[in-house]
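Worksheet for the structure shown next.
The values are calculated or read from the model by the stated rules, or taken from the named source; none is laboratory data. These numbers come from a predicted model, not from an experiment. Positions of Cβ are backbone-derived with ideal geometry, glycine not excepted, and every protein chain shown enters the neighbour counts. These accessible areas exclude ligands, DNA and RNA; they are computed on the full protein's heavy atoms, side chains included. Shrake-Rupley method; radii C 1.70, N 1.55, O 1.52, S 1.80 Å.
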Amino acid sequence: MTTPQVQRQIVYRRPKALNDVPTHYCPGCTHGIAHRLVAEVLDEMGVIEKTIGVASVGCSVFGYNYFECDFVEAPHGRAPAMATGIKRVIPDSIVFTYQGDGDLVSIGMGEITHAAARGENITVVFINNAIYGMTGGQMAPTTLPGQKTTSSQNGRDVKRMGYPIRMSEMLATLDGASYVVRRSLHDPANIRKAKKAIRTAFEVQHQGLGFSLVELLSTCPINWGMSPVEALKWVEEHMVPVYPLGDYKVSPTVAALRIR
Amino acid sequence: MAKELLKGNIAIAEAAIRAGLEAYFGYPITPQTELLEWMSKRMPELGRIFLQAESELAAINMVYGAACTGARVMSSSSSPGVSLMMEGLSYIAGTEVPMVLVDVMRGGPGLGNIAPSQGDYFQMVHGGGHGDYYPIALAPASVQEAIDLTVLSFDLAEKYRSIVFVLADGSIGQMMEPAELPEMRPMKKEYPAWATRGAQGRPRNILTSIYVDAEDEEQTNLRLLRRWKEIETNEVRYRAYYLDDAEIVVVGFGTAGRVALSAVRTARAQGIPVGLLRPITLRPFPTQQIRELAKQAQSFLVVEMNGGQMLDDVRLAVAGQAPVDFYGRMGGVVPMSEEIEREIQRLAHNPVPLYADVRQAWMQRLLQTKTKGAW
Ligand SMILES: Cc1ncc(C[n+]2csc(CCOP(=O)(O)OP(=O)(O)O)c2C)c(N)n1
Ligand code: SF4
């Protein structure tokens, strides 16, 4: 009997920038996918040794356990201010924040807006899952009209609780913002697009072109009370119409950027 | 360097710069603003970082980020702004990174006013943020001392990986006095091993104030406490005036201490055996020194520009060995030397009983004098 000669090739492996530890995320949560995409980009760019991550308060609070780079952990909402402090002192470092929608849109609205307005040369990975995950599923500023959460149990009544905030659209109005886009993590095609956007955002920073932010529509199956598959579908059917995917700000210098 | 006529706020700013300040983040608020303005001009001139933040909340977190890189970093503010910084200060304490904050105190609570006050003693000295932590608090009583303590504050912050407050009341910030600035120090080139500056040729560093396991948090609390004990042993600073044979001991810090000194001098000239202890470190507090004095003193008089916030610390130090009386002005009013002198006279002739309600009695005296229109 002859064994056939099989050519073996590794097509998929853990990025070097990602630690070999199990995460604390719930099954089916897209935080894990977002982490992986960021890690792949750090690997590809070969910048892990000069990267400093800023974790925020939310489910990704332990993000620092998963990345193989220096990390700090900010108070709730303040990650862009901490990132500013680091980046100003070490301008040739790569500094990114990783923030949820409660963190970035609610309590941290001031810090993110002013970091963008200053054109702070940092990269923001913004996870929009339309809910407060960590504290058990309360309403976020991004919660959809009518969406049930533990603090809007009959559904978000926009008359009393206000309307969702479209952060990318808002930040895109600021002259200081260079690259602001929204992508989604609900299927492989969109994940590939998200990866490309994250890569672009880090390149923008690497080349000193200013503030970059990638908003990622994300799932929270646990607090939405759905299976992981239902949750992905819910993103596509309910979130994307309220938060349309697209490029909201691409400054001329960023548009001219060629990524190898 | 020769003495020059310097405004307190600017002297503090320039002293910090000469002590090797790498980055300043702040937000305008009276009576501190000249400090920020000076930084805005000088820091960029020297190729260093100045950034006017969108709020004190942002400013303290920018400081937090920069402190994580091991850089010499500071902010400055005044009372309401410092209140807003408390969350960040607690995180900085929990992360054990060094930083300096100058508080040029004004009248309060609330928006209060912009007149000089010492109303932030509780908030600063006993740590206004949440959790167990122990900031160092230095209280200058002159422009020269503000310069010297600002320089010292950076060294202490780095030595103990601690928060250091320079607690100046509005008059220290606003007044002009002849003072001497230090030489410009060279910038530091080496950064501590814990700093998050990029994991080049070493394992990654993580700086966080999270200890999910209660046992781990307790270990951290203990580490902070042990470091604090070391600070208590090494760093108590105070000035003693006419204390050798003092039967009445006045205790006051900053501007109140300075005004008290002239009252003490006048009373001395009249033959009253009175002296002054002026704490320079409000934290660590000169507890032992006061306890020693309590053995010889008939009574103590605490003088403050607040409603008696340091009073409790003096009482704890005296530990019932002698009565501790109180005199204060609040809301941004600076006491006159004559008022304190009158208090010393009163104590010399009519000492209070050991456990009298001195705060109540003081309020009554204030009220009476006010209604009599003596001031
Ligand atoms: C000052 C402060 N307020 C409130 C909290 C409690 N808290 C922790 S996480 C969180 C919400 C996080 O939600 P989000 O940013 O959407 O992230 P997710 O958990 O969904 O990933 C809140 C309110 C806190 N830690 N600090
Ligand atoms: S609570 Fe929601 S956001 Fe948090 S880990 Fe679980 S699924 Fe993800």
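Tell me, which residue of region B:194-207 that is in contact with a Gly (Cβ under 8 Å, 6 or more places away or on another chain) and not basic (Lys, Arg) is farthest from the other protein chains (Cβ to nearest Cβ)?
Residue satisfying both the conditions and the ranking: B:TRP194.
Before we move on, is A:THR143 assigned to a loop (DSSP other than H, G, I, E, B), within 16 Å of ligand 2 (Cβ to nearest atom), open to solvent by less than 20 Å² (accessible area, probe 1.4 Å) and of a type outside the set (Gly, Ala, Ser)?
Yes.
All but one of (1) more than 23 Å from B:ARG197 (Cβ to Cβ); (2) without any contact (Cβ under 8 Å) to a residue 60 or more places away in the chain; (3) more than 16 Å from ligand 2 (Cβ to nearest atom) hold for A:ILE86, so report the exception by its number.
Answer for A:ILE86: the failing condition is (1).
Restricting region A:202-229 to residues that are of a type in the set (A, V, I, L, M, F, W, C) and away from ligand 2 (no atom under 14 Å from the Cβ), which is surrounded by the fewest Cβ atoms within 10 Å (Cβ to Cβ)?
Ranking the candidates gives A:LEU209 first.
Just for region A:89-108: of the residues that are within 16 Å of ligand 2 (Cβ to nearest atom) and within 15 Å of the chain's Cα centre (by Cα), which one is nearest to A:VAL204 (Cα to Cα)?
Here is the first cut: in region A:89-108, the ones within 16 Å of ligand 2 (Cβ to nearest atom) are A:98-106.
If we keep only those that are within 15 Å of the chain's Cα centre (by Cα) too, we end up with A:98-105.
On the way: A:TYR98: 17, A:GLN99: 19, A:GLY100: 22, A:ASP101: 23, A:GLY102: 26, A:ASP103: 23, A:LEU104: 21, A:VAL105: 23 Å.
That would be A:TYR98.
Test B:ILE92 against the stated conditions and say whether it is modelled with pLDDT of 95 or more and more than 14 Å from chain A (Cβ to nearest Cβ).
The answer is no for B:ILE92.
With the condition being within 19 Å of A:GLU120 (Cα to Cα), I'd like the helices (runs of 4 or more DSSP H) fully within region B:1-95 carrying at least 1 qualifying residues.
Details: elements: B:8-18, B:33-45, B:56-68, B:79-95.
The helices (runs of 4 or more DSSP H) meeting that bar are B:33-45, B:56-68.
Any chance region A:14-21 includes a residue that's part of a strand (DSSP E or B), away from ligand 2 (no atom under 16 Å from the Cβ) and within 11 Å of chain B (Cβ to nearest Cβ)? Before the answer, list the steps.
Initial filter on region A:14-21 (part of a strand (DSSP E or B)): A:18.
Narrowing the set further to residues that are away from ligand 2 (no atom under 16 Å from the Cβ) leaves A:18.
If we keep only those that are within 11 Å of chain B (Cβ to nearest Cβ) too, we end up with none.
Scanning region A:14-21, I find no residue that is part of a strand (DSSP E or B), away from ligand 2 (no atom under 16 Å from the Cβ) and within 11 Å of chain B (Cβ to nearest Cβ), so the answer is no.
Residue-wise test of (1) under 22 Å from B:PRO203 (Cβ atoms); (2) among the aromatic types (Phe, Trp, Tyr); (3) in contact with a helix residue (DSSP H, G or I) (Cβ under 7 Å, 6 or more places away or on another chain).
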position: A:ILE10; (1), (2), (3): no, no, no
position: A:ALA17; (1), (2), (3): yes, no, yes
position: A:THR30; (1), (2), (3): no, no, no
position: A:LEU37; (1), (2), (3): no, no, yes
position: A:SER56; (1), (2), (3): no, no, yes
position: A:VAL72; (1), (2), (3): yes, no, yes
position: A:PRO75; (1), (2), (3): no, no, yes
position: A:ASP101; (1), (2), (3): no, no, no
position: A:VAL105; (1), (2), (3): no, no, yes
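Scan region B:27-59 for residues that are without any contact (Cβ under 8 Å) to a residue 40 or more places away in the chain and within 12 Å of chain A (Cβ to nearest Cβ) and report the count.
Final tally of qualifying residues: 15.
Since A:THR253 meets every condition but one in (1) under 30 Å from A:ASP92 (Cα atoms); (2) among the polar types (S, T, N, Q); (3) not in a helix (DSSP H, G or I), which condition does it not meet?
Failed condition: (3).
Is there any pair linking a residue in region A:25-45 that is on the phi > 0 side of the Ramachandran plot to one that is more than 16 Å from ligand 1 (Cβ to nearest atom) and assigned to a loop (DSSP other than H, G, I, E, B), with Cβ under 8 Å and at least six apart or on different chains, and which?
As it stands, the answer is A:GLY28/A:SER227, since those pairs meet every condition given.
Could you tell me how many of the residues in region A:129-148 are among the hydroxyl-bearing types (Ser, Thr, Tyr) and either within 14 Å of chain B (Cβ to nearest Cβ) or within 7 Å of ligand 1 (Cβ to nearest atom) (or both)?
Of the residues in region A:129-148, 2 are among the hydroxyl-bearing types (Ser, Thr, Tyr) and either within 14 Å of chain B (Cβ to nearest Cβ) or within 7 Å of ligand 1 (Cβ to nearest atom) (or both).
Mind telling me which of the residues A:GLY77, A:GLY108, A:GLY58, A:GLY85 ends up being of a type in the set (Gly, Ala, Ser), over 25 Å from A:VAL242 (Cα atoms) and touching a strand residue (DSSP E or B) at 6+ places or on another chain (Cβ under 9 Å)?
A:GLY85
Which numbered condition in (1) among the hydroxyl-bearing types (Ser, Thr, Tyr); (2) surrounded by fewer than 17 Cβ atoms within 10 Å (Cβ to Cβ); (3) touching a Ser or Thr at 6+ places or on another chain (Cβ under 6 Å) is the only one that A:THR30 fails?
For A:THR30, the failing item is (2).
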